[in-house]
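The values are calculated or read from the model by the stated rules, or taken from the named source; none is laboratory data. Model, not experiment: these values are computed from the prediction. Ideal geometry is used to build each Cβ from the backbone, glycine not excepted, and the neighbour counts take in all protein chains shown. Only protein heavy atoms, including side chains, enter the accessible area calculation; ligands, DNA and RNA are left aside. Shrake-Rupley method; radii C 1.70, N 1.55, O 1.52, S 1.80 Å.
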Amino acid sequence: MSGGRKPRSVANPLDSAITTPSERILRECHNLYTDSENGLVKIASSLGLRLLPPRKKIIVMIMGNHSAGKSSFINWYVEEHIQKTGVAIETQGFTFITSGRKRESLTGNATLHLYPHFRPLLEFKGVTDYLSAEISTSKQKKFSLVTFVDTPGLVDGDMVYPFNVNSAIIWLGEQADLVFVFFDPMGQALCKRTLNIVEKLSEKCGDKLLFYLSKADEAGKETDRQRVMMQIVQELCRRPGLNKCGFEMPTIYIPNPQKPSRCVNQIDGVCQTIEKTINQAVQKTLDQLEKDCDLICSTISSKLAQDRADVSYNKSTRLRSFLCGALGILLPALIILSFVANTLSKEEMEGLVGEGLARVFTFSAIVVVTVWDWIPEDSQILFVIIFGAFCYLLLFLAKYFARKGNRTLSKKEKRSLAECSDYIQDVVKPKKWKLYEEYLQQCAAEYDF
């Protein structure tokens with residue numbers, strides 16, 4: 001620490017695989033938080049603050065009735081057959097689909113180690129056994145910056161789920177950056193369980209919800225598609241929480257060159273929505289980085305200001321303690337010495353303590369004897385008791401003030417706080433501005449800089 005905090009490279013071993021500025025910016029911001037030596041999380045923890053490192057990817061949860069095309073859409077986006085598809089209920093649990101170094105499948109506990117911020121799912125009994133993750137090496141579209149959450153297919157009737165599926169989906173929806181609701185046109189679009197969950201999510205995070213008519217190419221003619229969409233919209237509008245102005249439900253389906261369709265396919269709009277959310281996540285991450293830096297610096301300033309106030313307060317309490325202790329000892333000592341001096345002659349006193357102190361003791365003896373003579377004989381014992389109690393009170397106050405001081409920072413602690421503040425101001429904030437400029441250069445004209 002004596003040498004100050006040195007800027008440390010926070011390069012990530014995955015950087016060589018990074019292909020987009022957004023991905024690199026998110027990773028570098030994440031590393032600024034998690035660095036083992038100078039990470040913001042570690043600095044904040046030493047100050048009694050709790051910071052969460054930003055996620056390196058956005059979370060997109062896809063929900064809907066069974067056979068709504070959720071898994072098919074993920075496979076299309078990733079351009080790899082990861083999730084099983086079919087009319088049967090293929091997805092019975094929650095599956096996280098993300099990009100990584102090698103193709104791998106993870107079970108429940110390993111999935112929660114990969115996504116520790118989803119550990120509250122353990123509170124939902126039985127979910128862990130139906131939790132998995134699929135890691136793909138695909139770099140198609142913006143998949144390197146996206147984690148999809150494929151949810152169980154929802155049905156009504158006697159279907160029994162091994163866990164509280166409604167509560168689990170609602171909780172995951174609150175954590176996600178986007179929630180896609182797929183309605184298929186084949187008769188299950190009006191599944192009450194789906195609509196109930198959507199209504200709850202709309203109350204908690206309605207700005208994340210986006211509705212799509214999936215498998216639109218299988219709905220028959222255009223009139224049939226319009227009829228299905230009208231039925232879905234009418235059912236949604238019957239629910240107060242979903243009856244909103246500007247309701248949209250684009251039609252999407254998986255393109256198949258061998259089965260051309262005249263139906264309008266807005267699936268590219270889904271990709272654009274994901275890309276827009278990624279860009280917003282980059283901006284939010286950089287803004288949050290600045291806020292966290294300001295929070296740390298203000299906390300350090302407050303601690304140093306409080307330490308200065310504590311030092312000043314301790315000085316005043318020590319002064320009070322010294323005065324009370326000195327009076328508690330000197331007053332009885334002075335009275336006793338005055339009585340002793342009264343029994344000695346002037347020559348004896350000067351011979352013992354010298355001429356100067358002899359005058360002082362003689363004068364104090366005159367004052368003490370005069371006051372003593374004024375006190376009635378029957379009250380002298382009471383006076384001695386009161387005087388002794390007063391001296392004891394002074395000594396007690398001296399001890400009280402001595403213990404009342406506040407803890408102050410050591411020189412090492414103050415130096416460490418100053419180094420943390422300098423590191424934030426000289427390293428992290430300039431890095432943040434550099435990343436922001438790099439991000440803006442993707443979209444703004446050169447002359448704007």
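Accessible area of residue 207 (1.4 Å probe, protein heavy atoms only, ligands and nucleic acids ignored): about 140 Å².
Each residue was assigned an accessible area with a 1.4 Å probe, and for residue 66 the value is about 40 Å². Take the convex hull of the alpha carbons in the stretch 286-422; its mean projected area over all directions comes to 13.5 nm². Could you let me know the centre-to-centre spacing of the stretch 34-75 and the stretch 372-440, using Cα atoms, in angstrom? The stretch 34-75 and the stretch 372-440 have Cα centres spaced 43 Å from each other.
With all protein chains in place and ligands, DNA and RNA left out, the 1.4 Å accessible area ranks 238, 262 as 262, 238, largest first.
Where in the stretch 29-44 does the label zone of residue 434 land, with the point 7 angstrom along Cα→C-beta and an amide N cut-off under 13 Å? The answer is 29, 32. Largest to smallest in accessible area, the residues 208, 404, 284, 42 fall in the order 284, 42, 404, 208 (1.4 Å probe, all protein chains included). Could you calculate the FRET efficiency of residue 308 with residue 52 from 1/(1 + (r/R0)^6), where r is the beta carbon distance between them and R0 is 41 Å, rounded to 0.05? Efficiency, from the Cβ-Cβ distance: 0.85.
Take the Cα of residue 36, step 7 Å toward its Cβ, do the same at residue 256, and the gap between the two points is 5.2 nm. Size descriptors for the stretch 250-345: radius of gyration and Dmax over Cα atoms are 39.6, 130 Å.
Listed peptides 287-293, 195-201 appear in the order 195-201, 287-293 once ranked by packing, highest mean of other Cβ atoms within 10 Å at the front.
Using 0.36 nm per residue, how much length does the chain from residue 331 to residue 114 gain when fully extended, once their Cα-Cα distance is taken away?
Here the segment from residue 331 to residue 114 would lengthen by 70.8 nm.
Report the local net charge at residue 133: Lys and Arg +1, Asp and Glu -1, summed over other residues whose C-beta lies under 11 Å from its C-beta.
Working: positive: none; negative: 104, 134, 150.
Charge balance in the 11 Å sphere: -3.
Cβ-Cβ distance of residue 221 and residue 268, R₀ of 41 Å, FRET efficiency by 1/(1 + (r/R0)^6): the value works out to about 0.95. Once the Cα-Cα distance is subtracted from the 0.36 nm per residue extended length, the residue 386 to residue 284 segment shows a gain of 29.6 nm. Distance between the pseudo-spin-label points of residue 238 and residue 425 (7 Å out from Cα toward the beta carbon): 6.4 nm. Residues 50, 55, ordered by accessible area of protein heavy atoms at a 1.4 angstrom probe radius and largest first, appear as 50, 55.
Report the calculated FRET efficiency for residue 395 and residue 295 (r = Cβ-Cβ distance, R0 = 45 Å), to the nearest 0.05. Don't skip to the end; give the middle numbers.
On the way: r = 46 Å, r/R0 = 1.03.
It comes out at approximately 0.45.
Express in nm, to one decimal, how much length is gained between residue 366 and residue 320 on full extension, taking 0.36 nm for each residue of separation and deducting their alpha carbon distance. Contour length minus Cα-Cα distance gives 13.6 nm. Each label point was placed 7 Å from the Cα along the Cα-to-Cβ direction; for residue 141 and residue 441 their separation is 2.9 nm. Given a cut-off of 19 Å, name the pairs among 141/259; 139/215; 57/139; 200/284 whose C-alpha atoms lie farther apart than that in the structure shown. Violating the 19 Å Cα-Cα cut-off are 141/259; 139/215; 200/284. Here residue 95 sits with roughly 10 square angstrom of accessible surface, probe radius 1.4 Å.
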